[in-house]
Amino acid sequence: MVPGYVFDWNGLFPKKVVFVAWRVVPGRLPTSDTLKKRYIPVSSTLCPICGEVEETVEHVLVSCGIVQTLWSLISLWCKTPDFIIFCVRDLVELHKFFSFRKEKANLFNAICLVVVWCL
Ligand SMILES: [Zn+2]
């Protein structure tokens, strides 16, 4: 939970995409670690992407090696300066760190939110 965090809603994409991103920052996504805390049985606690580390929101969206490669490719595709993501909050605020015009910033933010939704 991030006290005082205010999420910027991006109206470019369906609410289901933005809603997932809204739930990411306070740690409300149903990853295996949060399901275990609620005593909900899970078949595997490993990351569904790499299968090497316990699944957490931070791992699946930020620190998983395969996902880091994906973010690098998105950086190349969107022609952004190189960036390093340290936490999930960085993902939803990444567009603020570049000197993009408003339209490009909103579009880049939407791309990041869709990737978060897909992951
Ligand atoms: Zn992984």
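The values are calculated or read from the model by the stated rules, or taken from the named source; none is laboratory data. What you are looking at is a predicted structure, and each value in this text was computed from that prediction instead of being measured. Neighbour counts run over all protein chains shown; Cβ positions are idealised from the backbone, glycine included.
Assorted remarks:
- Neighbours by Cβ (under 7 Å, 6+ apart or cross-chain): first from the stretch 18-32, under 13 Å from residue 91 (Cα atoms); second among the polar types (S, T, N, Q): 18/10
- Of all residues making up the stretch 69-92, the number that are on the phi < 0 side of the Ramachandran plot and either without any contact (Cβ under 8 Å) to a residue 12 or more places away in the chain or not in a helix (DSSP H, G or I) (or both): 14
- Filtered residues of the stretch 49-60 (kept if outside any helix (DSSP H, G or I) and more than 8 Å from the ligand (Cβ to nearest atom)): 54, 56
- Residue in the stretch 26-44 that is within 16 Å of the ligand (Cβ to nearest atom), crowded, with 16+ Cβ neighbours inside 10 Å and not in a helix (DSSP H, G or I) present: yes
- Scanning the stretch 65-86 for residues that are under 14 Å from the mean Cα position of the chain (by Cα), surrounded by 15 or more Cβ atoms within 10 Å (Cβ to Cβ) and away from the ligand (no atom under 12 Å from the Cβ) returns 71, 74, 85.
- Taken over the stretch 95-105, residues that are at pLDDT 85 or above and surrounded by 16 or more Cβ atoms within 10 Å (Cβ to Cβ) amount to 1.
- All positions within the stretch 51-64 that are surrounded by 12 or more Cβ atoms within 10 Å (Cβ to Cβ) and free of Cβ contacts under 8 Å to residues at least 24 places away in the same chain: 53, 54, 59, 63, 64
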